[in-house]
Amino acid sequence: MGVLALQGDVREHARMLEHLGAQVTPVRRPAQLGEVDGLVIPGGESTVIDRLARLTGLREPLREAIAGGLPVLGTCAGLILLAARLRDGGPGQETFGGLDVTVRRNAFGRQTESFETDLVVPALEGPGADGPPVRAAFIRAPLIEEIGPAAELLAALPDGRAVAARQGRVLGLAFHPESTGETRFHELFLQVVRES
Ligand code: GLN
């Protein structure tokens, strides 16, 4: 498993993936994209990750890899970078695409308005239904304002607003499961990788 290691909470994702039995490679150069079966794009600052992806020459190969079916899990800034359409992006900010959603960056306000809440996650029902609630941390988080026909809802706030979506092998979460010790999204992602 690769973790895009340009900026953000790379170490937390690497630790969780290793805990789940995966072998982890930090991805910083285009050639490393060919060495991984799946990629996590961590939370952090999407404008910085976007800029560093151009500087390192990763942007175009990564776009192509995602379009070509590389499984990708993006959290928070990672969700922003996967969005097909972005609102309130930074000056000149672009995304890699891959997820047919419209995302509003910083939709919940400033860092001090960060919060934790339980989520409604239809995809984790079944085994997860009798399990503990899905607890998620929102840190200067984005919101999914529209889900296009190619994508589906993965998780919502109790009021129904969408905070995670999936399009085939591409999963985007507005929150940080890795910071509350919530392993089920990473497990779901590893299952997607195994099936691909
Ligand atoms: N607000 C950040 C951005 O625009 C995302 C915050 C996060 O990843 N926790 O990229």
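Pairs needed: first member in segment 181-196, more than 12 Å from Ala164 (Cβ to Cβ) and polar (S, T, N, Q); second member anywhere, surrounded by 19 or more Cβ atoms within 10 Å (Cβ to Cβ) and at pLDDT below 95; C-beta distance under 9 Å; at least 6 residues apart or different chains.
Pairs found: Thr183/Pro177.
Quick test for you: out of Leu39, Leu33, pick the one residue that is over 23 Å from Gly90 (Cβ atoms), away from the ligand (no atom under 14 Å from the Cβ) and of a type in the set (A, V, I, L, M, F, W, C).
Values: Leu39 fails: over 23 Å from Gly90 (Cβ atoms).
On inspection, the qualifying residue turns out to be Leu33.
Please work out which residue is farthest from Ala65 (Cα to Cα), limiting yourself to segment 17-55 and to residues that are in contact (Cβ under 8 Å) with a residue 12 or more places away in the chain and of a type in the set (D, E, K, R).
Taking the candidates together, the pick is Glu45.
Quick one: in segment 140-152, which of the residues that are surrounded by fewer than 18 Cβ atoms within 10 Å (Cβ to Cβ) and touching a residue at least 40 places away in the same chain (Cβ under 8 Å) is nearest to the ligand (Cβ to nearest atom)?
Taking segment 140-152 and keeping what is surrounded by fewer than 18 Cβ atoms within 10 Å (Cβ to Cβ), we get 145-146, 148-150, 152.
Then keep just the ones that are touching a residue at least 40 places away in the same chain (Cβ under 8 Å); that gives 145-146, 148-150.
Working: Glu145: 15, Glu146: 18, Gly148: 21, Pro149: 26, Ala150: 23 Å.
The selected residue is Glu145.
Could you tell me whether Val101 is more than 16 Å from the ligand (Cβ to nearest atom) and crowded, with 16+ Cβ neighbours inside 10 Å?
Values: more than 16 Å from the ligand (Cβ to nearest atom): no; crowded, with 16+ Cβ neighbours inside 10 Å: yes.
The answer is no for Val101.
Here are the criteria: (1) surrounded by 22 or more Cβ atoms within 10 Å (Cβ to Cβ); (2) more than 26 Å from Ala141 (Cα to Cα). Tell me which single one Ala31 does not satisfy.
The one condition Ala31 does not meet is (1).
Do we find a residue being in contact (Cβ under 8 Å) with a residue 24 or more places away in the chain, within 10 Å of the ligand (Cβ to nearest atom) and among the basic types (Lys, Arg) anywhere in segment 105-114?
Yes; the residues of segment 105-114 include at least one that is in contact (Cβ under 8 Å) with a residue 24 or more places away in the chain, within 10 Å of the ligand (Cβ to nearest atom) and among the basic types (Lys, Arg).
Scan segment 73-85 and report the pairs whose first residue is in contact (Cβ under 8 Å) with a residue 12 or more places away in the chain and over 18 Å from His186 (Cα atoms) and whose second residue is among the basic types (Lys, Arg) and in a helix (DSSP H, G or I), with Cβ atoms within less than 6 Å and a gap of 6+ or a chain change.
As it stands, the answer is none, since no pair meets every condition given.
Please determine whether any residue of segment 106-116 is basic (Lys, Arg) and closer than 27 Å to Gly2 by Cα. Walk me through how you get there before you give the answer.
First pass over segment 106-116, keeping only residues basic (Lys, Arg): 110.
Imposing the further condition that a residue be closer than 27 Å to Gly2 by Cα reduces the set to none.
Looking for residues that are basic (Lys, Arg) and closer than 27 Å to Gly2 by Cα, one finds none in segment 106-116, hence no.
The values are calculated or read from the model by the stated rules, or taken from the named source; none is laboratory data. Just so we're clear, the structure is a prediction, and the values are computed from it rather than from any experiment. Methodologically, a virtual Cβ is constructed for each residue, glycine included, from the backbone with ideal geometry; neighbour enumeration extends over all protein chains shown.
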